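Reading through the structure tokens given below for one structure.
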Amino acid sequence: MKQDATRSAAYTVDCEDYVHVVEFNPYDSGDSGNLIAYGGNNYVVIGTCTFQEEEANIDGIQYKTLRTFHHGVRVDGIAWSPETRLDSLPAVIKFCTSAADMKIRLFISDLQDKNEYKILDGHSDFINDLVFDPKEGQEIASVSDDHTCRIWNLEGVQTAHFILRSPGMSVCWHPEESYKLMVAEKNGTIRFYDLLAQQAILSLEAEQMPLMSAHWCLKNTFKVGAVAGNDWLIWDITRSSYPQDKRPVHMDRACLFKWSSINENLFATTGYPGKMASQLQIHHLGHPQPVLTGSVAVGSGLSWHRTLPLCAVGGDHKLLFWVTEV
């Protein structure tokens, strides 16, 4: 992997509004294209994109909007359901959003006549992250500035509720053992919960604040990564409750951390839009420096492609995509 200077996005897609959040579907939807969702000030767009890295007859990126959902309020977060299928008849599009009005909306569409949504109401402050249970897709976990993590069923009923000691910033479900949940708090503590016993079973400490984002590595669930202050931090949960490795990355505070879905040593971080520009950095644990630095005027959201070393970030009337070599 060669060291790259700051570079602009490999591909861009024009959007009608500022993009606050972008999420590739992390599950196989049965279709050759990759489902992607992005949210703006009052809508969610579902589209498919295929890249030249996947299909030789495509030049760059081929993008198509499937459906735009009116949302009525700023979209802060998007989570895909594993039940989403494009190869069924009719198609099933299922995802949920968190919004500026502190509510969760669960959307279900067949991309034809059926377009429904249900409101899950219970948080009393901003929702910082939400995720579907990856095995069955029958539950949603959310964390909020109201110092709670809540588990909901698809009817909108809360099935569990954990009190946190500070705002909940990130929540991740174990990919195989769906009774295990990871919750990261702003005060630097990351806890793992057993949902059957409804209690914490393990905790990690960043020893610095504010912890803004954390992610469980799905290729190796002994690894957890986070950003706190200006640094990224990596834990091996079999070895210590303190980070194995940490490095300063973003001068103006780090914002998001996401592991690649295809390589347990590859991850991306973003900084806050500062006086200059917001930075995306892609890191490899075998390299002392970032392997790619991307610059975007104002960036928000961060998502990895399911099968390629490719990242998406939202921007001003744009989706931006960066590709790295593994």
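One table, with the values for the structure above:
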| item | result |
| --- | --- |
| Charge tally in the Cβ shell below 9 Å around Phe126, where Lys, Arg are +1 and Asp, Glu are -1, Phe126 excluded | -4 |
| More than 16 Å apart - percent of Cα-Cα pairs taken over the range 125-248 | 57 percent |
| The range 201-326 shape via C-alpha gyration tensor axes, a/c threshold 1.5 | oblate |
| Cut-off 14 Å between beta-carbons: net charge of the residues surrounding Tyr18, Lys and Arg +1, Asp and Glu -1 | -3 |
| Inter-site label distance for Asp125 and Asp14 at 7 Å from Cα along Cβ, in nm | 4.1 nm |
| Relative contact order, percent, the chain [alpha-carbon distance under 8 Å, six or more residues apart] | 15 percent |
| Asp31/Thr6 FRET efficiency (R0 30 Å; Cβ-Cβ; nearest 0.05) | 0.30 |
| Relative contact order [Cα under 8 Å, 6+ residues apart], the range 125-248, whole percent | 15 percent |
| Mean shadow area of the chain over all directions, Cα convex hull, nm² | 15.5 nm² |
| Most to least accessible of Asp125, Asp133, Asp316, Asp113 (protein chains only, probe 1.4 Å) | Asp113, Asp316, Asp125, Asp133 |
| Within straight-line cross-link reach of Lys180, aspartates and glutamates at Cα separation under 19 Å, skipping those fewer than 8 residues along the same chain | Asp129, Asp133, Glu136, Glu139, Asp194, Glu205, Asp236 |
| Spin-label proximity, Lys219 to the range 237-268 - amide N less than 19 Å from point 7 Å beyond Cα toward beta carbon | 237-238, 244-246, 257-268 |
| Theoretical FRET efficiency, 1/(1+(r/R0)^6), r = Cβ-Cβ of Ile201 and Leu89, R0 45 Å, to 0.05 | 0.60 |
| Pair Asp110, Ser241: separation of 7 Å Cα→Cβ label points (nm) | 5.1 nm |
| Entries of Lys223/Lys246; Lys118/Lys258; Lys64/Lys219; Lys94/Lys135; Lys103/Lys186; Lys186/Lys318 with Cα pairs more than 19 Å apart | Lys118/Lys258; Lys64/Lys219; Lys103/Lys186; Lys186/Lys318 |
| Probe 1.4 Å - accessible area at Glu23, Å² to nearest ten | 40 Å² |
| Simple spin-label estimate for Thr307 and Asn41 in nanometres, 7 Å along Cα-Cβ | 3.8 nm |
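The values are calculated or read from the model by the stated rules, or taken from the named source; none is laboratory data. In this text, all values refer to a predicted model and were calculated from it rather than measured experimentally. Cβ coordinates were reconstructed from backbone atoms using ideal geometry, including for glycine residues, and neighbour counts include every protein chain displayed. In case anyone asks, the SASA skips ligands and DNA or RNA and just uses the protein heavy atoms, side chains included. Shrake-Rupley method; radii C 1.70, N 1.55, O 1.52, S 1.80 Å.
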